[in-house]
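> Here it is, the structure in full.
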Amino acid sequence: MNADPSELARRTLALAGTDPVQVTVTAVSTATRCFTATGSDDPVVTEALEVHVLVLRGGHPGAAVTRGTGERELLTALEQAASAAASAAAAGAPGPHPGLPAPRPIRAHAGYDPATARHEASAAETAIATVVAAAPGLGVEGTWTTRAAETAIASTAGVELRDRVTRAVLDVTVRDQHTDGTGAACAAAARAGELDAADVVARALLLLLPGKPTGVEAGTVPVVLGPEAVAAVLTVLARTAFDGLAHAEGRGTLAGRLGTRVAASAINLADAPRFARTLPAAFDLDGVPKAPVPLIQDGVAHRVVHDVRSAARAGGAAASTGHATAPGGAEDGPRPEHLVLSGGGAADIAELCAPVARGLYVNRLWYDSAIAPDELVATAHGSLCIERGRPAGPAAGVRLAADPLAVLRGTEALTMAQWLVPQGARASVVTPGLRTTGLAALEPA
């Protein structure tokens, strides 16, 4: 990137008028390398720069985005944002935004690695060699991606912030041409050199059991969820249960239920932006420092998260916890982006399966429809039948009814190990695998 995000944010703010203004500049560099068992492609590097301008007038936000860095382009964005705010304020009623937050000290984190930011090849080559060596005679393909992002915020309230983060992500698919079996797994780390490629390929190989896919009868069955499937459940829960705006308006899953038991006693879930294994961030897109928030403790619903707007809507002692997902707060409210589910006592996935006479192991869940905001239908991908305590062969395509809180209420055991699963550009989940009775197969294959 030729432009310095902090300098660009300050330069844009200097062009602003008299309205409250926040300028957020994001610069991202991504390198993706595709590979197979016979070799890898050269990495494809992409770079993107975005300047987001937020203008407030009478509590009404107006926003505009530009990818240009010249004075004319920056002035145009400021004018567009001011015009949008003025149009909203023309109705006369006060807007929902309480004003730009004042500066607050932020805490440093260890989520930036210069070698990962430079997309150095050595870590990729080592990881790819590990994957290929662990799957001899099998079809192997995958991607290795490194990403470096810098966010800078400057506002008329005096906020001036800068944060840099990196991540490496390994996606692996293995295929057995003799049995048509396919297995897939992924992993992530803030530092490329810390990513465990051997564990990724081992989890993918777990799914290569021979045999014709077996249908699953409709009804509730014990289900063992791998870390990627658990992460999908928790990501839905982040939207339906912990959104402070929905909670304040009585629409959230936990409305009226804070302080009550909503999950098994083994469930301890928090949003922990400084947890050692997560992909951290220092502040949210309001420029508020990110705070750790206990969400469910020993199965009891404890708190929801807020940005500046949702805290104002909630009133009382509510304050932003640093969870704005867009400058000025997203219309659909804040989200936890650094979920951490504590592990349990099971040694591994095999120990989770051991008590199951007949059930399922599910590697990934893909949500394909919604029954209600907090009740979804998911397709299980990479699923195995469990028979007499052991994975016994592939399961035919299974559709599951997945109420995320029911999954946690029905949790019987969790692994000691936790895995980091990326969820989009900013979010991630650190989670163990778990066994639950809170899922129902909707139909036989």
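The values are calculated or read from the model by the stated rules, or taken from the named source; none is laboratory data. As the structure is a computational prediction, the values presented were derived from the model and not from experiment. All Cβ positions, glycine included, derive from the backbone under ideal geometry; neighbour counts span all protein chains shown.
> Kindly indicate which of Phe242, Phe275 is under 15 Å from the mean Cα position of the chain (by Cα), under 30 Å from Pro103 (Cβ atoms), surrounded by 24 or more Cβ atoms within 10 Å (Cβ to Cβ) and not small (Gly, Ala, Ser).
On the way: Phe275 fails: surrounded by 24 or more Cβ atoms within 10 Å (Cβ to Cβ).
Only one candidate qualifies: Phe242.
> Within the group Gly424, Gly382, Gly397, which residue is out of contact with any helix residue (DSSP H, G or I) (no Cβ under 8 Å at 6 or more places or on another chain), closer than 19 Å to Leu205 by Cβ and modelled with pLDDT under 90? Even if it seems obvious, please write down each step before you answer.
Values: Gly424 fails: closer than 19 Å to Leu205 by Cβ; Gly397 fails: closer than 19 Å to Leu205 by Cβ.
So the residue among Gly424, Gly382, Gly397 that is out of contact with any helix residue (DSSP H, G or I) (no Cβ under 8 Å at 6 or more places or on another chain), closer than 19 Å to Leu205 by Cβ and modelled with pLDDT under 90 is Gly382.
> Still on this model: Identify, by number, the condition in (1) of a type outside the set (S, T, N, Q); (2) surrounded by fewer than 16 Cβ atoms within 10 Å (Cβ to Cβ); (3) not in a strand (DSSP E or B) that His109 doesn't meet.
For His109, the failing item is (2).
> Something else now. Just for the stretch 33-45: of the residues that are surrounded by fewer than 17 Cβ atoms within 10 Å (Cβ to Cβ) and hydroxyl-bearing (Ser, Thr, Tyr), which one is modelled with the lowest pLDDT?
Thr38
> While we're looking at this one, here's another question. State which residue is farthest from Ala81 (Cα to Cα) when the search covers only the stretch 2-21 and only residues that are of a type in the set (Gly, Ala, Ser) and either outside any loop (DSSP other than H, G, I, E, B) or in contact with a Pro (Cβ under 7 Å, 6 or more places away or on another chain) (or both).
Among residues in the stretch 2-21 that are of a type in the set (Gly, Ala, Ser) and either outside any loop (DSSP other than H, G, I, E, B) or in contact with a Pro (Cβ under 7 Å, 6 or more places away or on another chain) (or both), the one farthest from Ala81 (Cα to Cα) is Ser6.
> Continuing with the same structure: Scan the stretch 230-247 and tell me whether some residue there is part of a loop (DSSP other than H, G, I, E, B), within 24 Å of Arg107 (Cα to Cα) and small (Gly, Ala, Ser).
no
> Out of all the residues in the stretch 112-150, which are of a type in the set (Ser, Thr, Tyr) and in contact with a helix residue (DSSP H, G or I) (Cβ under 7 Å, 6 or more places away or on another chain)? Give the derivation first.
Initially, the stretch 112-150 is screened for residues of a type in the set (Ser, Thr, Tyr), giving 112, 116, 122, 126, 130, 143, 145-146.
Thr116, Thr130, Thr146 - these are the residues of the stretch 112-150 that are of a type in the set (Ser, Thr, Tyr) and in contact with a helix residue (DSSP H, G or I) (Cβ under 7 Å, 6 or more places away or on another chain).
> In the set Ala124, Ala84, Ala48, which member is free of Cβ contacts under 8 Å to residues at least 60 places away in the same chain, among the hydrophobic types (A, V, I, L, M, F, W, C) and surrounded by 13 or more Cβ atoms within 10 Å (Cβ to Cβ)? Let's see the steps before the verdict.
On the way: Ala124 fails: free of Cβ contacts under 8 Å to residues at least 60 places away in the same chain; Ala48 fails: surrounded by 13 or more Cβ atoms within 10 Å (Cβ to Cβ).
Exactly one residue qualifies, and that residue is Ala84.
> Still on this structure, please answer the following. So if I check each of Gly250, Gly244, Gly219, Gly226, which one is within 23 Å of Ala311 (Cβ to Cβ) and in contact (Cβ under 8 Å) with a residue 40 or more places away in the chain?
Residue meeting the stated conditions: Gly244.
> I need the full set of residues from the stretch 119-152 which are more than 21 Å from Thr30 (Cα to Cα) and assigned to a strand (DSSP E or B), in order please.
Once the filter is applied, which keeps residues that are more than 21 Å from Thr30 (Cα to Cα) and assigned to a strand (DSSP E or B), the stretch 119-152 yields Gly139, Val140.
> Does Val25 satisfy the criteria of being over 17 Å from Ser83 (Cα atoms) and crowded, with 20+ Cβ neighbours inside 10 Å? I'd like the intermediate steps shown before the answer.
On the way: over 17 Å from Ser83 (Cα atoms): yes; crowded, with 20+ Cβ neighbours inside 10 Å: yes.
Yes; evaluated as a whole, the condition is true for this residue.
> Turning to a different aspect of this structure: Say whether the condition of being aliphatic (A, V, I, L, M) and without any contact (Cβ under 8 Å) to a residue 40 or more places away in the chain is met by at least one residue in the stretch 302-319. Lay out the reasoning, then the answer.
Keep residues of the stretch 302-319 that are aliphatic (A, V, I, L, M), which gives 304-305, 308, 311-312, 314, 317-319.
Now narrow it down to the ones that are without any contact (Cβ under 8 Å) to a residue 40 or more places away in the chain: 317, 319.
Within the stretch 302-319 (the criterion being aliphatic (A, V, I, L, M) and without any contact (Cβ under 8 Å) to a residue 40 or more places away in the chain), the answer is yes, since at least one residue qualifies.
> Taking the stretch 267-311 as the search range and keeping residues that are touching a helix residue (DSSP H, G or I) at 6+ places or on another chain (Cβ under 6 Å) and not in a helix (DSSP H, G or I), which one is farthest from Leu254 (Cα to Cα)?
Asp286
> For the stretch 335-445, list the strands (runs of 3 or more DSSP E) that sit wholly inside it and hold at least 3 residues that are among the β-branched types (Val, Ile, Thr), over 18 Å from the mean Cα position of the chain (by Cα) and over 24 Å from Leu279 (Cβ atoms); which are they?
375-387
> I'd like the full set of residues that are of a type in the set (Gly, Ala, Ser) and either closer than 29 Å to Arg10 by Cβ or in a strand (DSSP E or B) (or both), limited to the stretch 22-55. Quick ask: steps written out before the conclusion?
Of the residues in the stretch 22-55, the ones of a type in the set (Gly, Ala, Ser) are 27, 29, 31, 37, 39-40, 48.
Correct list: Ala27, Ser29, Ala31, Gly39, Ser40, Ala48.
> Restrict the check to the stretch 183-190 and report whether at least one residue is assigned to a strand (DSSP E or B) and either hydroxyl-bearing (Ser, Thr, Tyr) or closer than 30 Å to Val55 by Cα (or both).
Step one: list which residues in the stretch 183-190 are assigned to a strand (DSSP E or B), which gives 183-189.
Then drop every residue that is not either hydroxyl-bearing (Ser, Thr, Tyr) or closer than 30 Å to Val55 by Cα (or both), which leaves none.
Within the stretch 183-190, none of the residues are assigned to a strand (DSSP E or B) and either hydroxyl-bearing (Ser, Thr, Tyr) or closer than 30 Å to Val55 by Cα (or both).
> Tell me, please, whether a residue that is in a helix (DSSP H, G or I) and within 28 Å of Leu54 (Cα to Cα) can be found in the stretch 314-332.
Looking for residues that are in a helix (DSSP H, G or I) and within 28 Å of Leu54 (Cα to Cα), one finds at least one in the stretch 314-332, hence yes.
> Of the residues Leu434, Leu408, Leu420, only one is touching a residue at least 12 places away in the same chain (Cβ under 8 Å), under 29 Å from Asp284 (Cβ atoms) and out of contact with any strand residue (DSSP E or B) (no Cβ under 6 Å at 6 or more places or on another chain); which? Lay out the reasoning, then the answer.
On the way: Leu434 fails: out of contact with any strand residue (DSSP E or B) (no Cβ under 6 Å at 6 or more places or on another chain); Leu420 fails: out of contact with any strand residue (DSSP E or B) (no Cβ under 6 Å at 6 or more places or on another chain).
Among Leu434, Leu408, Leu420, only Leu408 is touching a residue at least 12 places away in the same chain (Cβ under 8 Å), under 29 Å from Asp284 (Cβ atoms) and out of contact with any strand residue (DSSP E or B) (no Cβ under 6 Å at 6 or more places or on another chain).
Results for (1) surrounded by fewer than 22 Cβ atoms within 10 Å (Cβ to Cβ); (2) more than 24 Å from Phe275 (Cα to Cα); (3) at pLDDT below 95, shown as yes or no for each residue.
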{"position": "Thr130", "(1), (2), (3)": "yes, yes, no"}
{"position": "Ala133", "(1), (2), (3)": "yes, yes, no"}
{"position": "Pro136", "(1), (2), (3)": "yes, yes, yes"}
{"position": "Gly142", "(1), (2), (3)": "no, yes, no"}
{"position": "Thr156", "(1), (2), (3)": "yes, yes, no"}
{"position": "Arg162", "(1), (2), (3)": "yes, no, no"}
{"position": "Val172", "(1), (2), (3)": "no, yes, no"}
{"position": "Thr182", "(1), (2), (3)": "yes, yes, yes"}
{"position": "Ala192", "(1), (2), (3)": "no, no, no"}
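> Restrict the check to the stretch 205-216 and report whether at least one residue is of a type in the set (Ser, Thr, Tyr) and either modelled with pLDDT of 90 or more or surrounded by 16 or more Cβ atoms within 10 Å (Cβ to Cβ) (or both). Can you show your working first?
First, the residues of the stretch 205-216 that are of a type in the set (Ser, Thr, Tyr): 214.
Pick out the ones that are also either modelled with pLDDT of 90 or more or surrounded by 16 or more Cβ atoms within 10 Å (Cβ to Cβ) (or both) and you get none.
No, because not a single residue in the stretch 205-216 is of a type in the set (Ser, Thr, Tyr) and either modelled with pLDDT of 90 or more or surrounded by 16 or more Cβ atoms within 10 Å (Cβ to Cβ) (or both).
> Of the residues Val223, Val262, only one is crowded, with 24+ Cβ neighbours inside 10 Å and closer than 27 Å to Pro355 by Cβ; which?
When all the criteria are applied, what remains is Val223.
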